[in-house]
Each structure stands twice: as C-alpha cells, then as structure tokens.
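Here, each number is a calculation from the coordinates, and none is a lab measurement. A quick note: this is a predicted structure, and the numbers were derived from the prediction, not measured. Here Cβ is always computed from backbone atoms with ideal geometry, including for glycine, and neighbour counts include all displayed protein chains.
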Amino acid sequence: MKILLINSSSRQQASSTYFLAQALLKRVSMLTPVSVTEENVTVLPQVDSEYSISVASTEQDYDESKGSLALSNRLIDDLIEADLVIVTSPMHNFSLPSGLKSWVDHVVRAQKTFAITPTGKRGLLDDKPVYVLISSGGKFSGNDAYQPDFFTPYMKEVLSTIGINSVSFFAIESTVSSHDVIENNIKLIRQKLLAHLEENFIKTKLL
Ligand SMILES: Cc1cc2nc3c(=O)[nH]c(=O)nc-3n(C[C@H](O)[C@H](O)[C@H](O)COP(=O)(O)O)c2cc1C
C-alpha cells in the first residue's frame, strides 16, 4: 500500500500529530506492506508566476519542466499514486499553516486535478481515504469551543473540489494544557483514530 504523509508542522517529527500518524502507519503496516512518501510541506515555496499564468490560460504549451509547474506535477503524481493520505498539521490562526496552504495551491490545479464546467468545478481525481490530523493550542470544536474553525470546512471543500471526499478529521485540541491532560487527550484520539481505521478502511476498502 502506498501512503503519502503530508507533514505540515514546523516541529516535524516532534509534532503531536506526527505521533498519531506513526500509530496509523504502524497499524496499517501490521496488515500489509506499506511504502511511505513523506513530504515536509513547511519548506514548499509559494506558486510562481509561470504557474499563475498557466492556470489562467486556455493554451496548453507551457514548459512544465521547471519551477512551480514541475513541483506541482510531482506533488500531484504523489497524490494520485497514494492509496491512503495522512495530513499532519497544527491549526494556525483558525486555519491552515502556510506550508499546507501552499501544498493545496500546488495540487488543486485547474485542468489537472479539477475541470471548470458550466455548472462549477468538477474533481478529476479518484476518491481515496485521507486522514487529517490536527493539533491546536485551544478548543475549536464542541460546546466549549471558543474560536472559529476555518480549517476543517476548508480542507473538506478543497479536497472535494479535486474529487476526494473520504476525508476524516481527528484533532488533538487544547495543547496549551498541562502535560497530563495532553497525554490523556492524545491517548483518546489515538484510540478513536485506530478504531476508525479498523471500521472504515482496513476491512472494507483498503485491503
Ligand atoms: C503562528 C501560529 C498560529 C496559531 N494559531 C492557533 C489558533 O488559531 N488556534 C489554536 O488553537 N492554536 C493556534 N496555535 C497553536 C498551535 O496550533 C498548537 O501549538 C499546536 O498544538 C502545534 O502543534 P504541533 O507543534 O504539535 O504540530 C498557533 C500556533 C502558531 C505558531
């Protein structure tokens, strides 16, 4: 099984969500051989002018061997080839960190991953399971949420635009709490995550 791991945390392997991703990877690899492609999107550049011109043009003769177009092609190929995608990310200012937004800009690309039709945008990729693992300093879900959440609705919408609708979100919230509270929180989310993997994908779709 090919797994694409999009790591959006500035803390990379030390991040709370990377720990969750490792639990997922371990579980899946107990059942089937996996190959993991890991992308550190915190170092992705923003899309360049060639890219911006090409997506706004109807002409097809762009040199796609350089700059953002080449990078975009590589990131899209990795996404297409993956059987399972894991995104690890902190919440930044109620939304995506800039590196993850840059990945979105590279892979959500007119004529490549979505078509523009008279009735709206139509996804061109096959659906696949995506786990989005979020970490936030405060609470953004449930009755005791005290801040807006533009992260989850945005990710849902933008992945749906390219045809990916099997997206599941798991969040470690309140990471500003005491060590014990965070540990307990991570343990609970890890259990929920593995139960979800078991019920929804391992038995039915992936193996
Ligand atoms: C630039 C920046 C913006 C942040 N914005 C938010 C926010 O809007 N809401 C929130 O709950 N936490 C926010 N945080 C806190 C992080 O989401 C939190 O520390 C998270 O647990 C980091 O995860 P990781 O380092 O384990 O990947 C922000 C942190 C940074 C650095």
query = Given 0.36 nm per residue, what is the gain on full extension from ASN165 to HIS196 after removing their alpha carbon distance, in nm?
reply = 9.6 nm
note = With Rh as the Kirkwood radius over Cα pairs, segment 2-206 has Rg/Rh of 0.98
task = Rounding to the nearest 20 debye, state how big the charge dipole of the chain is about its Cα centre with +1 on each Lys and Arg Cβ and -1 on each Asp and Glu Cβ.
result = 580
key: Phi to ³J(HN,Hα) by Karplus 6.51 cos²θ - 1.76 cosθ + 1.60 over segment 110-125, Hz, x for Gly, Pro   = 4, 6, 9, 10, 8, 10, 9, 10, x, 9, x, 7, 10, x, 10, 8
message = Ignoring everything except DSSP H segments at least 4 long, calculate the 222 nm mean residue ellipticity for the chain; use -39,500 (n - 2.57) per segment, divide by total residues, nearest 500.
response = -11500 deg cm²/dmol
task = For segment 47-143, state which trypsin sites (Lys or Arg not before Pro) are in a DSSP loop and have at most 11 other beta carbons lying within 10 Å of their beta carbon.
result = LYS66
